[in-house]
1. Examine the stretch B:22-38 for a residue that is touching a Lys or Arg at 6+ places or on another chain (Cβ under 8 Å), away from chain A (no Cβ under 14 Å) and crowded, with 18+ Cβ neighbours inside 10 Å, and state whether such a residue exists.
2. Of the residues that sit in the stretch B:72-88 and are within 27 Å of the chain's Cα centre (by Cα) and not hydrophobic (A, V, I, L, M, F, W, C), which one is surrounded by the fewest Cβ atoms within 10 Å (Cβ to Cβ)?
3. Which members of the stretch B:44-64 meet the condition of being more than 29 Å from the chain's Cα centre (by Cα) and touching a residue at least 24 places away in the same chain (Cβ under 8 Å)?
4. Taking into account only those residues within the stretch B:140-167 that are without any contact (Cβ under 8 Å) to a residue 12 or more places away in the chain and in a loop (DSSP other than H, G, I, E, B), which is surrounded by the most Cβ atoms within 10 Å (Cβ to Cβ)?
5. Quick one: would you say A:S89 is under 23 Å from B:V56 (Cα atoms), touching a Leu at 6+ places or on another chain (Cβ under 9 Å) and polar (S, T, N, Q)?
6. Would you pick out the residues in the stretch A:213-243 that are more than 26 Å from A:A181 (Cα to Cα) and either part of a strand (DSSP E or B) or not polar (S, T, N, Q) (or both)?
7. Among helices (runs of 4 or more DSSP H) lying entirely in the stretch A:28-107, which contain 1 or more residues that are without any contact (Cβ under 8 Å) to a residue 24 or more places away in the chain?
Amino acid sequence: MTARATASVATLAATIPEPLARPAGRLIAIASGKGGVGKTWLAITLSHALAQRGGSVLLVDGDLGLANVDVQIGLAVAHDLSGLLKGESAEALATAVPDAGFSVLAGRSGSGALAQLVPEQIETILAGLAAARRYDHVVLDIGAGLDRTARRLASVADTLLVVTTEEPTALTDAYACLKLAAIDRPGGDRRVVVNMAGTQATGERTWLTLRKAAENFLKLSPPLAGVIRRDVRVSEAIRRQVPFLTRHPASEAAADIGRLAASLAP
Amino acid sequence: MRIRTFRARTVAAAMSAARAELGPDALMLGTRRVADGVELTAATEPEEEIAPVVPVAPAPVAAPPRDHAVEQALAAHGLPEGLRAALATGPNLAARLAEALRFEDLPLGPSGALLVVGPPGAGKTLTVAKLATRLRLAGQTPRVIAADGRRAGAVEQLAAFTRLLGIDLIAAPHPATVLRALAQGRGEAPALIDTAGLDPFDAADREEIAALAAASGAAIALVLPAGMDAMEAAESAEAMAEAGARHLLATRLDLARRIGAVPAAAIGGALAIAEGGTGPGAADGLAPLTAEALAARLLTPPSARPARASAA
């Protein structure tokens, strides 16, 4: 252990510009394959809940080119992920969300430059995120779709939350997400979140269905990270561009998110 | 995976409809009752070869800017090249320190417990005495536990302070007695635990501290003298971070001329900088160390170190 410690500090002192590249907090990536399952809302609200539990949290909008975390919570951002390509630090590019205790690294860029990143640039961005050692948790919202970028982002996560709803189409895409993640990172930590569930019981049934398919076809048994019950106030909070936990802290969905955060940061 | 739902009057009828359409290998995912029978969800998985995503080499980024005046100042404090480059990115060192390092208060709420650890002679006992004094002056009655059972006179030294403060010193020479002492009065006042000097590079020493922290729920703060060698400090901090240390207490800031060990330890162990020892006084010899104060000291040449404050 000490040999490793010594070697890594020695490397640290010899390399530029990555002396701060100690692994940061846990990278929690959120993916679904399908759009419209409430992934971005979940990423925002989970970041908020993790921050309320006392951790320092960076929410990274990895829906490159179509990013909208900042819009959902009415946050004016001056910088975005493209700054990482210029060697700036994630800490310097992040914008604090007032009264919510977490920061956002936006994925929207005025120039649209983030929409057409080549794989090499994705790696540069990942290296920049790995160097963001100030945070206990880095929550990465991965865009819809299962393209190379989404798969690469998902593959570096310490924990991958695969989001589905009770719809068969969402279930099919969540399954595809799990399948690709298992190919890209065998043995990784992957868990299922059922969002917009009718009840806790129907949400669990959806997870069991997905798990049964994964067990039979993929020999995987993804555990349930949490069920988030449907709440009409979610879209109301989004319309008003206010973080959900700020507006409806006592709602059932807030309690569900709180339990999810507790399972990720005991 | 292809998912289809089938409705029929009976499960058997739905299953045969599923097999007819999806083939004999169709997987029955589940059924539920609907108005006129059952709804069956079934799936098939086509055979396909999918290659894993292979990472490529990252695109180069422009080298970060360097401020040579700041870099020279950091070199004078004994910071090695890599750490200098990380911190001397611009003229505003305080802003860079605030961005690259963490500055946090110690977790000393009513139910807080702090294991104060470090190599022999780092200043653990005096630091515990100073923290206890500060809490006492704030109207609290911290529980002070001497877990330093090995060194002759260690308990007596701390006892001299606690007597002055009107606090009972709890001598706990074994981990089990530390746990018992912590369990009593938990939630009423923070607990400060003075520990025996350890070797950060000794796995058994680290494990002992990690086990005590895990069993007691106490946070670990590492005490290092500000004047030690910067690389030695970085490696010590990294080793102790593996044992669970999260905060850094830098002692003897008033005596050291070169304090590169402070940022080096914070970076090496990803430790939050909490306090700095600024003088011998129990009441005023320890103060929260801010990015501004640390930057000001690092930008002061070693030969121009501020004069030592006199004992209170």
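1. Yes, there is a match, as at least one residue in the stretch B:22-38 is touching a Lys or Arg at 6+ places or on another chain (Cβ under 8 Å), away from chain A (no Cβ under 14 Å) and crowded, with 18+ Cβ neighbours inside 10 Å.
2. Here the answer is B:E81.
3. Within the stretch B:44-64, B:T44, B:E45, B:P46 qualify.
4. Looking at residues that are without any contact (Cβ under 8 Å) to a residue 12 or more places away in the chain and in a loop (DSSP other than H, G, I, E, B), I get B:G153.
5. The answer is yes for A:S89.
6. Within the stretch A:213-243, A:R230, A:D231, A:V232, A:R233, A:V234, A:E236, A:A237, A:I238, A:R239, A:R240, A:V242, A:P243 meet the criteria.
7. Answer list for the stretch A:28-107: A:90-93.
Residues checked against (1) within 10 Å of chain B (Cβ to nearest Cβ); (2) among the polar types (S, T, N, Q); (3) in a helix (DSSP H, G or I):
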{"position": "A:L161", "(1), (2), (3)": "no, no, no"}
{"position": "A:D173", "(1), (2), (3)": "yes, no, yes"}
{"position": "A:C177", "(1), (2), (3)": "no, no, yes"}
{"position": "A:I183", "(1), (2), (3)": "yes, no, yes"}
{"position": "A:R190", "(1), (2), (3)": "no, no, no"}
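The values are calculated or read from the model by the stated rules, or taken from the named source; none is laboratory data. It should be emphasised that the depicted structure is a prediction, and the values quoted were computed from it without experimental measurement. Methodologically, a virtual Cβ is constructed for each residue, glycine included, from the backbone with ideal geometry; neighbour enumeration extends over all protein chains shown.
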